[in-house]
Amino acid sequence: MEFETKAVHVGEEPDLERGSGDVVVPIHLSSTFARKKVNEPTQGYEYSRTGNPTRDALEKRLAVLEDAAFGLAFASGMAAESTLAITLLHTGDHVLAFDDLYGGTRRLFNRILDPHFKVEVAYVDARDPRRVKEAIQSNTRLIWLESPTNPLMKICDIAAIAEIAKEVNIPVVVDNTFLTPYFQKPLLLGANVVVHSSTKYLNGHSDSVGGAVMLSDEDLYRKLKFNQNAMGAILSPFDSFLVLRGIKTLAVRMREHERNGLRLANYLEEHPKVKKVNYPGLRSHPQHALANRQAAGHGGMFSFEIRGGLEEAKRFLESVKIFALAESLGGVESLIEHPGLMTHASVPKEIREQVGLTDSLIRVSVGIEHIDDLIADFDQAFQKIA
Ligand SMILES: Cc1ncc(COP(=O)(O)O)c(C=O)c1O
């Protein structure tokens, strides 16, 4: 079965034997499930934190999309990441992470894992797999990657890093939020676990906050499921329904996001008021060849540096009309933001400067509106800058 077909059907097959044949899975709001016998939960369900039929349907679909054996749906991307971290790590462990990551992931590592659990996190420029190899210590227990990274769109060679990690038995987690399994399948490249903020492209309509983990290691899946239930980081039935619905159009949306992304990135690259565009789909991206090899497409996320500094960036951001000046990404509507002051404000300024996250950097999540309207919106916003 092809991706588009699985995205529409898996987990939502109509039940013609015991059910009413709904083609859309019902939103099972019940917090608890009645049973006939004390020690036999009806159809396996006992309490909705532990298991819920709507969430189960979504988890089945999440798994097949990433070519994984198992999927888990969490209350947010950060709930997924926290549960993974607590499951995989212990006091005294060492983590290697890409030096350009979503700010909230860094905050989890630096403000919670490090001070509360004495887990040390080292950041490396994972664009070169040799740097990852050199940074591995005897207590390294996890490698955490994004590709492309948020917001600088750096790429790492997932297969090469997975190969290095496999030799020393260190699990590799890839945050696949930006490209989604429609464009990139980290597990097939050798990674052990995929994590998503389903708030973004998987749901795709900016109306649900959620997270997902996909993996094929049964032992780790069971530990994660146990911890998720124990800590309560589950996705609600209504949000599970929304993400199930959103995923049905994932392939169609991703194709449009990419089409608009490439057009807009090309437009910006030619613009005299733009210093640099970071989009792996452009030939000018230093890792364009790797991006082409590793992923089937480049998606709708990019960042660019406007000429000038913070003042020019702010004026541009406050002048756009169709783009919403907002955090988050991956919805059908175009969003724009200033990483330094918004999504990555929790990253200290000196670290931001070290990795190249300047005050003139603007991040764009291109929606599926008509490209001419998006370009016209940028045109009028550029005119507001002297
Ligand atoms: C790449 C990436 N990973 C994880 C997260 C965290 O997800 P959530 O906001 O759903 O907790 C985000 C949020 O912006 C993100 O962009």
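Label-to-label distance, ALA122 versus ALA159, with points set 7 angstrom from Cα along the beta-carbon direction: 2.7 nm. LYS36 to VAL168: FRET efficiency via 1/(1 + (r/R0)^6), r the Cβ-Cβ distance, R0 51 Å, to the nearest 0.05? The formula returns an efficiency of 0.50 here.
Identify the trypsin sites (Lys or Arg not before Pro) of the stretch 78-184 meeting these criteria: DSSP loop state and at most 13 other C-beta atoms within 10 Å of the C-beta. Filter output for the stretch 78-184: LYS118.
Applying 0.36 nm per residue to the separation of SER328 and ARG49 and subtracting their alpha-carbon distance, the gain on full extension is 97.8 nm.
Taking all protein chains together and a 1.4 Å probe, the residues VAL23, VAL174 rank VAL23, VAL174 from largest to smallest accessible area. Which one of ILE362, PRO348, ALA376 is farthest out on the positive end of the charge dipole of the stretch 307-386, using unit charges on Cβ (Lys, Arg +1; Asp, Glu -1) and the Cα centre as origin? Of the candidates, PRO348 comes out farthest on the positive side. Rounded, prolate or oblate, given the Cα gyration tensor of the chain, with a/c below 1.5 counting as rounded? Note, shape of the chain comes out oblate.
The residues of the stretch 1-56 expose on average 72 square angstrom of accessible surface per residue, using a 1.4 Å probe on protein heavy atoms.
Once all protein chains are placed together, ASP377 keeps about 10 Å² accessible to a 1.4 angstrom probe. Taking every DSSP bridge with both residues inside the chain, close to 60 percent are antiparallel. Between THR5 and ILE27, the modelled labels are 3.1 nm apart [label points 7 Å from Cα along Cα→Cβ].
Seen from LEU101, the other residues with C-beta closer than 13 Å to its C-beta sum to a net charge of -2, counting Lys and Arg as +1 and Asp and Glu as -1. Label the stretch 150-221 by shape, choosing from rounded, prolate and oblate, from the square roots a ≥ b ≥ c of the eigenvalues of the Cα gyration tensor; if a/c is under 1.5 it is rounded, and otherwise prolate applies when a/b is larger than b/c, oblate when it is not. The shape class here is oblate. When the listed pairs LYS248/LYS384; LYS60/LYS223; LYS6/LYS154; LYS185/LYS321; LYS154/LYS275; LYS248/LYS349 are checked against a 28 Å cut-off, the alpha-carbon distance exceeds it for LYS248/LYS384; LYS6/LYS154; LYS185/LYS321; LYS248/LYS349. What a 1.4 Å probe finds exposed on the chain is 52% carbon and sulfur by accessible area, rounded to a whole percent. Of interest is the spacing of the C-alpha centroids, which for the stretch 295-370 and the stretch 1-80 amounts to 36 Å.
Ranking ALA265, ALA296, PRO115 by Cα position along the charge dipole of the chain, where only Lys, Arg, Asp and Glu carry charges on their C-beta atoms, puts PRO115 farthest toward the positive end. Net charge dipole, the chain: roughly 380 debye, given to the nearest 20, about the Cα centre with Cβ charges of +1 for Lys and Arg and -1 for Asp and Glu. For the stretch 57-156, the list of GluC sites (Glu not before Pro) that fall in a loop by DSSP and count at most 10 other C-beta atoms within 10 angstrom is empty. The phi-based Karplus calculation (6.51 cos²θ - 1.76 cosθ + 1.60; θ = phi - 60°) puts the 3J(HN,Hα) values of the stretch 331-337 at x, 5, 8, 6, 10, 9, 7 Hz, whole numbers, x for Gly and Pro.
Selection among ASN169, PHE226, ALA159 by position relative to the dipole of the stretch 141-258 gives PHE226 as farthest towards the positive end (Cβ unit charges, Cα centre).
Considered as an equivalent ellipsoid built on the Cα gyration tensor, the stretch 6-164 has semi-axes of 39, 20, 13 Å, the largest given first.
The values are calculated or read from the model by the stated rules, or taken from the named source; none is laboratory data. Since we're looking at a predicted model, the values are computed, not measured. Cβ coordinates were reconstructed from backbone atoms using ideal geometry, including for glycine residues, and neighbour counts include every protein chain displayed. The accessibility values were calculated without ligands, DNA or RNA, using every heavy atom of the protein model including side chains. Shrake-Rupley method; radii C 1.70, N 1.55, O 1.52, S 1.80 Å.
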